[in-house]
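What follows is one structure encoded as C-alpha cells, with my remarks underneath.
The values are calculated or read from the model by the stated rules, or taken from the named source; none is laboratory data. Everything numeric in this text was worked out from a predicted model, so none of it was measured. Don't worry about glycine lacking a Cβ; one is built from the backbone with ideal geometry, like all the others, and counts go over all protein chains shown. Each accessible area value is taken on the protein alone, full model and side chains, heavy atoms only, with ligands, DNA and RNA left out. Shrake-Rupley method; radii C 1.70, N 1.55, O 1.52, S 1.80 Å.
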Amino acid sequence: MNKNHRVPSSRTLSAVEVKSKFGAEFRRFSLDRSKPGRFDEFYGLLQHVHRIPNVDLLVGYADIHGDLLPINNDDNYHKAISTAAPLLRLFLQRKEEAEYSAFGTNSLTRKKTPAALAAVLLRPDANRKKPPVIISLPKDFRPVSSIIDVDILPETHRRVRLYKHGQEKPLGFYIRDGSSVRVTPQGLEKVPGIFISRLVPGGLAESTGLLAVNDEVLEVNGIEVAGKSLDQVTDMMIANSHNLIITVKPANQRNNVVRNSNTSYYSYSAPGAVAMTPSHIIQNFRPEEVESDDDEEEDLVIETGGDMRLAPLSAAGATASYSMPSLPRYEPHLNLRHSNGAMATSSSVGSLSTNERGLERRNLEEDGTVITL
Amino acid sequence: MKFRFRRQGNDPQREKIKQDLFAFNKTVEHGFPNQPSALAYDPKLQLMAIGTKSGAIKVYGSPGVEFTGLHKDTATVTQMHFLHGQGRILSLLDDNTLHLWEIGQREQCSSLEEVCSFTIPCRTAVCASYFSPYSATRVTVLLPKLNCDLLAVGTEGGGVHFLELPSLTLLDKSLFQDEIMQRWEALFVFSLGPVESLQEHPQHPDKILIGYSRGLVVLWDLQTRHVDNLFLGKQQLESLVWERSGNSFVSSHSDGGYMVWSVSSSTPCTNEPVSSTITYGPFPCKAVNKILWRTAESGAPLVLFSGGMPRASYGDRHCLTILQDSQHVTLDFTSRVIDFFTVHCTDAHKFDDPSALVVLLEEELVVIDLQTAGWPTIPAPYLAPLHSSAITCSYHISNVPTKLWERVVSAGQQQGSLQTHTNWPICGGKNLAPDPKQQELMLTGHEDGTVRFWDASGVSLRPLYKLSTANIFQTDCDHNDSLTQAGEEEWPPFRKVGCFDPYSDDPRLGIQKICLCKYSGKLVVAGTAGQVIVLYLSDEKSDHMIDVATVDLLQDREGFTWKGHDRLPPKSGSVVFAPGFQPVVLVQCMPPAAVTAVTLHAEWNLIAFGTSHGFGLFDYHRRSPVLARCTLHPNDSLAMEGPLSRVKSLKKSLRQSFRRIRKSRVSGKKRVQEANAHLAEQDAEVTPVQRRIEPRSADDSLSGVVRCLCFADTFLRDGTHHGPTMWAGTNSGSVYAYALDVPSQEKFSEQSVEALLGKEIQLMHRAPVVSIAVLDGRGNPLPEPYEVSRDLAKAPDMQGSHSVLIASEEQFKVFMLPKVSAKTKFKLTAHEGCRVRKVALVNFSSVASEDYSENGLVCLTNLGDIHVFSIPALRPQVRYDCIRKEDISGIASCVFTKTGQGFYLISPSEYERFSLSARVITEPLCQVRHSERGSGLDGTKITGSSVKNSR
C-alpha cells in the first residue's frame, strides 16, 4: 500500500493533494492535475484506497467557498480537481446513509469547520427532527419528458417529448375524436380534431404535467394528424411509443412558455419525486431526428446454438463489455489507465442525454451484441 | 425520412418508369353475384343478364364475354328485359324506376352503359282507382314488344301504360281496368287486382295478353283498343305463357295448379279452361310462381314450372318441375329459385325444341341439358359458386407448368359424373381477349374441408378440380350414401341439383392454409383442428393407408391445458382415393389448434407448420418430425383455452360488474344528481370514442401465434457457407431462424434432417411478423424450390451478401445476413397510422420495354389501401385505394399474384380481381354485334330494316 506523504511544494502546480475521509478514516494520495482521468476511474480508486470495493459511495468535496459539493460525473470531478488549491478535501458517505441536504451553497460556510461538517456527515440523524424529502442526485434523474422546439413553434402550441426508456410504466393517456375551430380565409371553420380525453393516474403522461385533458393533438412525431382517423392516430402513437413526440395545442393557454427565453425545459422525475430544473440545452426537433433517434430501439438479435468460432470477433467484444465490474488497476503515479471494465462500474449509467445513450448502444450493437446462451 | 423527402416525386425519369410499371385497375369480378334478383335472356344475341339486390347488372355471353353495370342507386333490380336483338336492357328497380342500358361500342370493345331512366309520374289520371289497396303507379310487370318500339307497363293499380322505346316517353294510350269492366258488364268484380302478367301474342304483335291477379285474363288488341277474348279464371293468377302457335296459353295459379286455355274467336268469353292440373295435389300446394310451356318436335310439350310443392310435406323445398309425357323430374335445389328460362328456337320453326333450361337460384346458376336423356346438368364456364361451402382461405399459383395443369384438369374431368360436355348454350358475343400467356391456378379452401382448384388464367373463373379432405377422418356425418339410396322410391321424384351446400359437417375440417409445389405436384393442406395433410398428385386410383404422426408443440411446457376442440380422429385402415391429389401423410398438431402458417419445400422433403402454440418441422419423406418449438409466452393464457372458451372474459366481466355495483353504492344519490345535471348540460353530445395509447407489451394475448414460415437457402451461420434455413415469425415480433442440415437427394432415406437454432430476433416494437423473405445478393427474392435445378429461373446471386426482409404489422425491415444488422427500414404505422395486413413480393414488368422489370413489396393495409415499395431500399413507390376499410372480410381475403394482380372477396361468393401492374391485366375484352338500332334518345325512329326479329 502506498504511504501518503506531503508532496513537495514545487509540485503543487502539477499535482493535487487529496485528503479523503470515509467515516473515521482518512486516506491521503495525490493526483496529476493535468491528467485527472475519468470520474469512474477516480471512483474506483477511492474504493480501492479505502478498501471498500463493494460499497456504493456518495463523493463530496469542499470547494473554495467552503461549500460541500458532490462529485458524481466527469464534469464536476474535473472542476474539483482544477479548483483544488492544492488540497482537495473529500468526504465519502455510504449511499444508503447519505445526507443529501448537506450539499449545496453555504452548506459548509454555515458550519465553518470541517469538523462540524463531519459531525453532520457522521451522525446523520443527530439533530434531525423530521426527515427531509429525499431528492436524488442529478445523475439518478432521467428525463421523462421535455418541451422542445419552443423557438420555432407558435406560442399557442407545445411540442412534448415523452421518453419511455424501455420501462414498463404505461404512457397512460387516451385520445378521442372531437372538433376544433380553425381560422381560415373564409372565417371560422369547424374541423375534426383529435384530443386527449383522459390521463391515467400515475402514468407517464400525467407525471410530466405537460399534457392535459382536452389538449388538441396536432402532430405525432412530425406527421400532422389532420385528416387521419382516431384509429390511425392511435396506431401512429403506439408505433412511436418508445420515443413519442406530440405537438399539442393546450386547452389551458396560460402556462405557455415565454418565447424569448429561447430555452427548453426539462422536467425530471425520479421514482417518487417530481422536480423541475431549467436546463441549458436547446433542442430543435426536426423530423429526420426521429429516424436517427430510434436507433436506440435496435432489435435484439440472439445468436444461438452456433459454435462461437463462427463469430470470434464479436464474441470477444461481448465478453468484455458484459463482464462483471472489475476494479481499475491503481497506478501509484496517478496515470490512471483507461480500461473497459471501468465503464461498467456504475451499473445504473445515468442517461444524461438520450442521444449519447443511443450512440453507446448502437456502437455495442454494431460490434455485435452477442449473448451466449 | 430525410431521403424520402428528397426523393419524393422530383425525378421525372423515375416518374416515367413508375408509370410504365404501376397502374391500378379493378378488372373483373369472378364468381357468382351476391344476392341475384332478376334474370333476362336475349335469344337473338344469346346473352344472359343477371340483376342483383345491390343494383348491379351483369351480362354474360360465351365464356369471356362479360359486361357489368351498376345503377346509381343501390336498389334491388326486380326485373330485366332485353330489347330483342338490340343490345339494350331495360331494368326495373325496387324504387319504381325504369332504366335503359346499352351495350355500346367503345374503340374495339363493347361496354355496358346506362342511357336513360324513367319514373312513372303519379298523375291523378293515373291514380284512378284510389280505393284500391295498391299503389296505382307501382310497376309490377314489363313487356317490351318484340319489335322494340313499345313497352307495356303493368301496375299494381291494374292499369297498363305504354311507353315509346327506346326514348322511354309515356304514350297517351294507357289502359285502365274501368275500360275493361265497362265493356264487359258481366264482370261484377270490384277490382281486378294488379296486373300480374303481360304476354305478347306470338303471331300477332298487336295483341297482348293481360293477366290480372284475381284471375281474369284479357286478350287486348292495341290497334283497335278492343278486348278480343276474356278468360275468367277463378284462381289467383301467378303467371302466363303462350303456346307457340298462339292458339292456346297456359296460366299458373297460387293453388299449385296450372290451366291450359284455348283462344278462339268463337268464344270471346269463357270460364272453362281446356285442362286444369294440380301436379302435386290433392293436398294443398304452394303457388306455381312461373310456368313455361315449350313444344317439342319429338312429342308432348315440355312443361316447366317452379314451386307448386305440397305445402305440408315439401313446402320448404326449392323446386322446379320438368314434365314431358311420363317423364317427370323435380329438381331439388338448395337455394331459392329466382327465375328461369329455356334456350329454344325462336325463328320460323314449328316447334320450340328447347335445348337447355337455365335456372337462376339465389346462390348459383344451374343449367340443364334438355336434349340429352336424363336431363343432366351442364357445367357452367363462369358464375362459379365459389361459396358452395364458405371460403376459409385462398392461394394463388402463377405460371403453372403445363404438365401439372393437364394432370389437374384430367383429374377434374374424371370427377364430374353427372355432367355432360355438350356446348354451353349461352354463346353470344365474341371474346377478343388474347389467350392468357400463362396458366394460373386459384385454390380455395372451404369450411367443409374441401380445396377447389380454379382456372384463374382468364376472365372467367372455371372450376377444374375438387379435393376433399374429409374422407380421411372419422366424422359422424357419413350418411351421404343412405340419403341417395332412399331417393329411389320417393315421390315427388326429387333430384338434387347444384353444389351450394352451406352446412359444414364438422367445423374442424375447415381448411386454414394451403401450399402447393407446382413442379413436383406436392400439396400441403392444413386445417382448423391442427391437421396438416401432405398430398401427392397421382393419375391412378389408389387404396392405401395414411401415415399419421402427432407433433406436440407444447413441448415440456407445464400448466397449460387445452380447452378447445379435440383433434379429428383419422380413419383406420386403408382408404380408396380417386385419381388426383391423394393424402399420404397426416401430421396432427397437439394441442389441436388451428394451423396459422404452413410452408413446403419439396426439394428438401420438408414441411413446416405453425399454430398458436408453436411451430414444427416435419420430414414427410422419412415420416419423421424434425423439430417442434413452443412459442408461447408464459403469461399467455388465452391461447390455451381454445377458440370457443370464454372463461377469461366471463371472469373479467363479473369482476367488472361487481366493481361497478360497489362503486355505485359508495356515493348513491349524489352521483345520480350529478350525473343528471351533467346530462342536462350536454344532452346532445354522445360519449366520444376513446382510444388508449399503450405500447404493446410482451404479455398480450395470443403472442405465440406463428404468423409466417419460410424456407430459404441462404447464409445464416457465416458469410461463406450457405445452406438450408427455416424462418418463423410470431405475433409478438419474434423471429426464429434455424439452420437445417438436409442430406443430399440420394441419402434422403438413410440420413435424417437436423435443425439447429441459429438466430433469434426480437423486434423491439413487438408487432406481429406478417412475412419473412430472403433476398439474394442482387436484392431479388430467392427462386422457388426446383426452379433453379430445372433451369426455370435464373440462379440467385450467392456471391453478394444476402438479406432478409421482415415485414411486421408496423414496419418493414431489411437485415443483412448472416449478421442480422438492420440495413433499411420503413415504419409504415409510425408515418401513416395504418397497419400491414397482407404483403407479397411481386415482379412488375414494364409496359415500355419487354425485359425491364422491378421487384416490389406490395402491402395491403387495414385501411384497405395498397402501397408498393421498392426492395431492398424500401422506398414508397405508389399508393392506391383498393378496398373499403370497413370491409374486413375483403381485406382478410386478399391474395396477390407474383405478377402484380390480386383478388379479394367482395361478397361470400365473388372475387374482385385487380391489377397493380401496368402490363399484366386480365380484363374482359369482348364484342357484341347487335342489329342496327336508332339512337333513340333524340327521337329518331327505328327503321324497319333494323329490326329483324322475324328472320
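Quick one: is A:L171 open to solvent by less than 20 Å² (accessible area, probe 1.4 Å), part of a loop (DSSP other than H, G, I, E, B) and facing chain B (nearest Cβ under 10 Å)?
yes
Applying the selection to the stretch B:824-872, what residues are surrounded by fewer than 18 Cβ atoms within 10 Å (Cβ to Cβ) and within 12 Å of chain A (Cβ to nearest Cβ)?
Scanning the stretch B:824-872 gives B:K825, B:D865.
Can you list the strands (runs of 3 or more DSSP E) lying wholly within the stretch B:1-112 that have 3 or more residues being more than 26 Å from B:I426 (Cα to Cα)?
In the stretch B:1-112, the matching strands (runs of 3 or more DSSP E) lie at B:22-31.
Which condition number does B:S248 fail, the rest of (1) open to solvent by 10 Å² or more (accessible area, probe 1.4 Å); (2) more than 30 Å from B:D347 (Cα to Cα); (3) among the hydroxyl-bearing types (S, T, Y) being met?
(2)
Residues being open to solvent by 30 Å² or more (accessible area, probe 1.4 Å) and either touching a Cys at 6+ places or on another chain (Cβ under 7 Å) or of a type outside the set (S, T, N, Q) (or both): count how many of those fall in the stretch B:873-895.
12
For the stretch A:226-240, which residues satisfy the criterion of being assigned to a loop (DSSP other than H, G, I, E, B) and either more than 13 Å from chain B (Cβ to nearest Cβ) or open to solvent by less than 10 Å² (accessible area, probe 1.4 Å) (or both)?
Passing the criteria: only A:N240.
Please list, ordered by residue number, the strands (runs of 3 or more DSSP E) wholly in the stretch B:718-807 having 2 or more residues that are within 13 Å of another protein chain (Cβ to nearest Cβ).
The qualifying strands (runs of 3 or more DSSP E) are B:723-730, B:734-741, B:754-762.
Can you name the condition, by its number, that B:V217 falls short on among (1) in contact (Cβ under 8 Å) with a residue 40 or more places away in the chain; (2) outside any strand (DSSP E or B)?
Unmet for B:V217, out of (1) in contact (Cβ under 8 Å) with a residue 40 or more places away in the chain; (2) outside any strand (DSSP E or B): (2).
Taking the residues in the stretch B:881-906 that are over 17 Å from B:I397 (Cα atoms) and of a type in the set (K, R) as candidates, determine which candidate is farthest from the chain's Cα centre (by Cα).
B:K885
Sort through A:E219, A:E189, A:E206 and tell me the only one that's closer than 27 Å to B:K827 by Cα and either in a loop (DSSP other than H, G, I, E, B) or more than 9 Å from chain B (Cβ to nearest Cβ) (or both).
Exactly one of A:E219, A:E189, A:E206 is closer than 27 Å to B:K827 by Cα and either in a loop (DSSP other than H, G, I, E, B) or more than 9 Å from chain B (Cβ to nearest Cβ) (or both), namely A:E219.
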